[in-house]
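Below: the structure, in structure tokens.
The values are calculated or read from the model by the stated rules, or taken from the named source; none is laboratory data. In this text the structure is predicted, and so the values were computed from the model without any measurement. Here the Cβ is made from the backbone with ideal geometry for all residues, glycine too, and neighbour counts use every protein chain on show. Ligands, DNA and RNA are excluded from the accessible area calculation, which covers all protein heavy atoms including side chains. Shrake-Rupley method; radii C 1.70, N 1.55, O 1.52, S 1.80 Å.
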Amino acid sequence: MKEVVLINGKQQSTLSVFNRLIQFGDGLFETCVAENTSLLFWSQHFERLEKGRIQLKINPVSEKVWLEDISAALRVANMTNAVVKIILSRGESRRGYGFEEYIKPTRLVIVSMMLEVPSEYTLSICHSGYANNQLLSNIKHCNRLEQILARSDLSADECIMLDDNDCVISVTQGNIFAIKHRVLLTPNLDKCGIAGTRRAMVLKIAGELGLQVRIEPLILQELLECDEVFITNSVIGIKTVASIGEKFFTQQIITQKLIQIFKKIK
């Protein structure tokens, strides 16, 4: 079945050319998963959406309205398991970057089928990385040219994006973790990148497993010297990394423990 699209609660798929989402990418998005018609980790997704909305000064849409839209889209799609993408646009305006204070936001809900993903991932190094911008870090804004450029010459299942200092930040569509001597390592995302909802769950599970957790700058060589590497996002959950370039990772003991606990939490 094709995707189901709702715009402001109505089934349609056409936006005005004056919508700031089209003109400037002026908006936010969240990618959620519905299993048995229930949204996984919805509160975390909505919390991050609200954080970004406040940061960008977009007028609010209530959680109740979002949930009504999502429920309606899932009914139309007749799917119990699906990917649910929500997009919040600032709304419509004429030319220019400025906007009126009380501009009415536009909300979109897109429901699509869950697709097959690799059981484990191979990674390369992206040729395009992140620019540092603390005002935009950790919010899922709709300007994703960095990721588009990074994936334009993808030579593996995914690729690792670096920052201006050549530190590891993430893969194009998720967070990255490594394990070395029972220490969980993941990059600091204060200046760029997105702290995913599944990243937060991994950090919580790691504490329950008694792992030491280090959130700090991570250089590529340090990542390659680790025992295990895995990636996360809302659609794939937690997936092991089999290789980064010519470096292979054969150990998955702790990663598999994390996956088992994560599945129980879901």
Original post:
Here is a list of conditions, (1) without any contact (Cβ under 8 Å) to a residue 60 or more places away in the chain; (2) open to solvent by 60 Å² or more (accessible area, probe 1.4 Å), and Asn143 meets all of them except one; can you say which number that is?
Top reply: (1)
Original post:
How many residues are over 15 Å from Ile160 (Cβ atoms) and either part of a loop (DSSP other than H, G, I, E, B) or open to solvent by less than 20 Å² (accessible area, probe 1.4 Å) (or both) when one looks only at segment 202-224?
Top reply: 7
Original post:
Given the residues Leu135, Leu185, Leu154, which is the only one that is more than 17 Å from the chain's Cα centre (by Cα), modelled with pLDDT under 95 and either open to solvent by less than 60 Å² (accessible area, probe 1.4 Å) or on the phi > 0 side of the Ramachandran plot (or both)?
Top reply: Leu154
Subject >> Cβ pairs under 9 Å, 6+ apart, first in segment 216-235 and over 21 Å from Pro118 (Cα atoms), second modelled with pLDDT of 95 or more and among the aromatic types (Phe, Trp, Tyr) >> reply: Cys226/Phe249
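Pick out, from segment 112-192, the strands (runs of 3 or more DSSP E) lying fully within it that include 2 or more residues that are in contact with a Gly (Cβ under 9 Å, 6 or more places away or on another chain).
Strands (runs of 3 or more DSSP E) meeting the threshold: 120-125, 158-162, 167-171.
Take segment 28-79 and flag every residue that is β-branched (Val, Ile, Thr), open to solvent by less than 40 Å² (accessible area, probe 1.4 Å) and out of contact with any Phe, Trp or Tyr (no Cβ under 9 Å at 6 or more places or on another chain).
Applying the first criterion (β-branched (Val, Ile, Thr)) to segment 28-79 yields 31, 33, 37, 54, 58, 61, 65, 70, 76.
Now narrow it down to the ones that are open to solvent by less than 40 Å² (accessible area, probe 1.4 Å): 31, 33, 58, 61, 70.
Once the filter is applied, which keeps residues that are β-branched (Val, Ile, Thr), open to solvent by less than 40 Å² (accessible area, probe 1.4 Å) and out of contact with any Phe, Trp or Tyr (no Cβ under 9 Å at 6 or more places or on another chain), segment 28-79 yields Thr31, Ile58, Val61.
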**OP:** Answer yes or no as to whether Gln251 is open to solvent by 80 Å² or more (accessible area, probe 1.4 Å), in contact with a strand residue (DSSP E or B) (Cβ under 6 Å, 6 or more places away or on another chain) and not in a strand (DSSP E or B).
**Re:** yes
**OP:** Check whether at least one residue in segment 225-243 is on the phi > 0 side of the Ramachandran plot and open to solvent by less than 50 Å² (accessible area, probe 1.4 Å), and report yes or no.
**Re:** yes
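For segment 167-179, indicate whether the set of residues that are over 20 Å from the mean Cα position of the chain (by Cα) and crowded, with 16+ Cβ neighbours inside 10 Å is non-empty. I'd like the intermediate steps shown before the answer.
Going residue by residue through segment 167-179, those that are over 20 Å from the mean Cα position of the chain (by Cα) are 179.
Subset that is crowded, with 16+ Cβ neighbours inside 10 Å: 179.
The answer is yes; a qualifying residue exists.
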**OP:** Among the numbered conditions (1) crowded, with 18+ Cβ neighbours inside 10 Å; (2) modelled with pLDDT of 95 or more, tell me where Tyr130 comes up short.
**Re:** (2)
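Yes or no, residue by residue, for (1) in a helix (DSSP H, G or I); (2) touching a Cys at 6+ places or on another chain (Cβ under 6 Å); (3) over 30 Å from Glu116 (Cα atoms):
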{"position": "Glu47", "(1), (2), (3)": "yes, no, no"}
{"position": "Trp66", "(1), (2), (3)": "yes, no, no"}
{"position": "Ile70", "(1), (2), (3)": "yes, no, no"}
{"position": "Arg75", "(1), (2), (3)": "yes, no, no"}
{"position": "Thr80", "(1), (2), (3)": "no, no, no"}
{"position": "Arg95", "(1), (2), (3)": "no, no, yes"}
{"position": "Glu100", "(1), (2), (3)": "no, no, yes"}
Original post:
On the given criteria, is Cys192 touching an Asp or Glu at 6+ places or on another chain (Cβ under 8 Å) and crowded, with 19+ Cβ neighbours inside 10 Å?
Top reply: yes
Original post:
Quick check: is even one residue across segment 103-117 small (Gly, Ala, Ser) and surrounded by fewer than 16 Cβ atoms within 10 Å (Cβ to Cβ)?
Top reply: no
Original post:
Restricting attention to segment 86-102, which residues are touching a strand residue (DSSP E or B) at 6+ places or on another chain (Cβ under 8 Å) and surrounded by fewer than 17 Cβ atoms within 10 Å (Cβ to Cβ)?
Top reply: none
Original post:
Among the numbered criteria (1) surrounded by fewer than 12 Cβ atoms within 10 Å (Cβ to Cβ); (2) of a type in the set (A, V, I, L, M, F, W, C); (3) at pLDDT 90 or above, which single criterion is violated by Leu123?
Top reply: (1)
